[in-house]
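Asker: Questions regarding the structure given below will be posed in turn.
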Amino acid sequence: MLSKSLRAIMVFLTAVVSQTAVAAEIVELPTEELAQESVLPIFDRPVSVKNRNIVTEGKVEADVFYAYSMTEPIANVSKFGVSIYYNTNEDNAWGFRFAKNFSGLSTYAEQLNQQFNLDFKRAPAPEMSGMVDYNVKAFYGKMSLSKSLVFNTMLFGSVAGGVIKYVHKTYPAVAFGIGQKFYFDKNWALRFDLRLYANEAPVPFLKNALRVPPSPSPDPVPEHNRFQDRLTLTTNLEFGLSYLF
């Protein structure tokens, strides 16, 4: 009796499933409800910059900056400078930079004087520099620190060429760097540069030339041309304030 009941239930379920499958095969949708075209998502549209806040093309930008020489052992590691740029377009800018070195010695050179009576003020030191600078603007973006404060950022590379003047001689120099600007409105920006300078420069260490009293046998003051020149690499970290006209 039980087996007959199970057979009847199975026959009933099979009939229901068969009818459902047949019904699914003949379902039709109205033509007007079918998709007629494909639409790309918004984030796939090839728009690199939308609603650009900072427009630099055809504008002049002036900077003031402080530079710190991270690899200078003897001369003062600080200098102050000004620069001006013309933005030919949103990718390139050309400018001129002038920097004046601070006088005096580094902390390390002063320690050598205190311990060994070595006066590195006798060695030639850099006084100023002037360079033509080219900037290629690689990336423009926006950074938000809060819901109401948005920084417009610009990442760029730089190549510069010019001269560095020492107290006795002027040397040609080149510089390569990378920088970042943070615009906090349409005109003012903070600028940060990391530059590597390469130039001929006098070696400040000269035998029998730097010892001063109270050393037992002080050296006579040497002529600047006694210091030999060699290729010098100097890394500078620069902090500046820019205004876009």
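Asker: Whether any residue in the stretch 229-245 is among the hydrophobic types (A, V, I, L, M, F, W, C), under 20 Å from residue 94 (Cβ atoms) and part of a loop (DSSP other than H, G, I, E, B) is what I want to check.
Answerer: Yes: the stretch 229-245 contains one or more residues that are among the hydrophobic types (A, V, I, L, M, F, W, C), under 20 Å from residue 94 (Cβ atoms) and part of a loop (DSSP other than H, G, I, E, B).
Asker: Return a yes/no flag: does the stretch 111-128 have any residue that is surrounded by fewer than 20 Cβ atoms within 10 Å (Cβ to Cβ), more than 24 Å from the chain's Cα centre (by Cα), free of Cβ contacts under 8 Å to residues at least 40 places away in the same chain and part of a strand (DSSP E or B).
Answerer: No, the conditions are met nowhere in the stretch 111-128.
Asker: Any residue in the stretch 184-207 that is more than 23 Å from residue 236 (Cβ to Cβ) and either of a type in the set (Ser, Thr, Tyr) or touching a Lys or Arg at 6+ places or on another chain (Cβ under 9 Å) (or both)?
Answerer: yes
Asker: State yes or no: is residue 160 at pLDDT 95 or above and not β-branched (Val, Ile, Thr)?
Answerer: Working: at pLDDT 95 or above: yes; not β-branched (Val, Ile, Thr): yes.
Against the criterion (at pLDDT 95 or above and not β-branched (Val, Ile, Thr)), residue 160 qualifies.
Asker: A further question on this structure: Out of 54, 74, report the one residue that is in contact with a helix residue (DSSP H, G or I) (Cβ under 7 Å, 6 or more places away or on another chain) and in contact (Cβ under 8 Å) with a residue 40 or more places away in the chain. It would help to see each step written out before you state the result.
Answerer: Values: 54 fails: in contact with a helix residue (DSSP H, G or I) (Cβ under 7 Å, 6 or more places away or on another chain).
Going through 54, 74 in turn, the sole match is 74.
Asker: Which numbered condition in (1) in contact (Cβ under 8 Å) with a residue 40 or more places away in the chain; (2) of a type in the set (Ser, Thr, Tyr); (3) touching a Gly at 6+ places or on another chain (Cβ under 8 Å) is the only one that residue 158 fails?
Answerer: Only one criterion is unmet by residue 158, namely (1).
Asker: Also: Inside the stretch 219-245, can you point out the residues that are without any contact (Cβ under 8 Å) to a residue 12 or more places away in the chain, surrounded by fewer than 14 Cβ atoms within 10 Å (Cβ to Cβ) and either closer than 20 Å to residue 111 by Cβ or under 41 Å from the mean Cα position of the chain (by Cα) (or both)? Give the derivation first.
Answerer: Quick first cut of the stretch 219-245, residues without any contact (Cβ under 8 Å) to a residue 12 or more places away in the chain only: 219-220, 223.
Now narrow it down to the ones that are surrounded by fewer than 14 Cβ atoms within 10 Å (Cβ to Cβ): 220, 223.
The one that is without any contact (Cβ under 8 Å) to a residue 12 or more places away in the chain, surrounded by fewer than 14 Cβ atoms within 10 Å (Cβ to Cβ) and either closer than 20 Å to residue 111 by Cβ or under 41 Å from the mean Cα position of the chain (by Cα) (or both): 223.
Asker: Exactly one of these conditions fails for residue 173: (1) of a type outside the set (S, T, N, Q); (2) surrounded by 16 or more Cβ atoms within 10 Å (Cβ to Cβ); (3) in contact with a Ser or Thr (Cβ under 9 Å, 6 or more places away or on another chain); (4) in contact (Cβ under 8 Å) with a residue 60 or more places away in the chain. Give me its number.
Answerer: (4)
Asker: Oh, and also: Restricting the stretch 73-97 to residues that are closer than 24 Å to residue 124 by Cα, touching a Ser or Thr at 6+ places or on another chain (Cβ under 7 Å) and in a strand (DSSP E or B), which is modelled with the highest pLDDT?
Answerer: My answer is 97.
The values are calculated or read from the model by the stated rules, or taken from the named source; none is laboratory data. Keep in mind it's a predicted model, so treat the numbers as computed, not measured. Backbone-built Cβ (ideal geometry, glycine too); neighbour counts: all protein chains shown.
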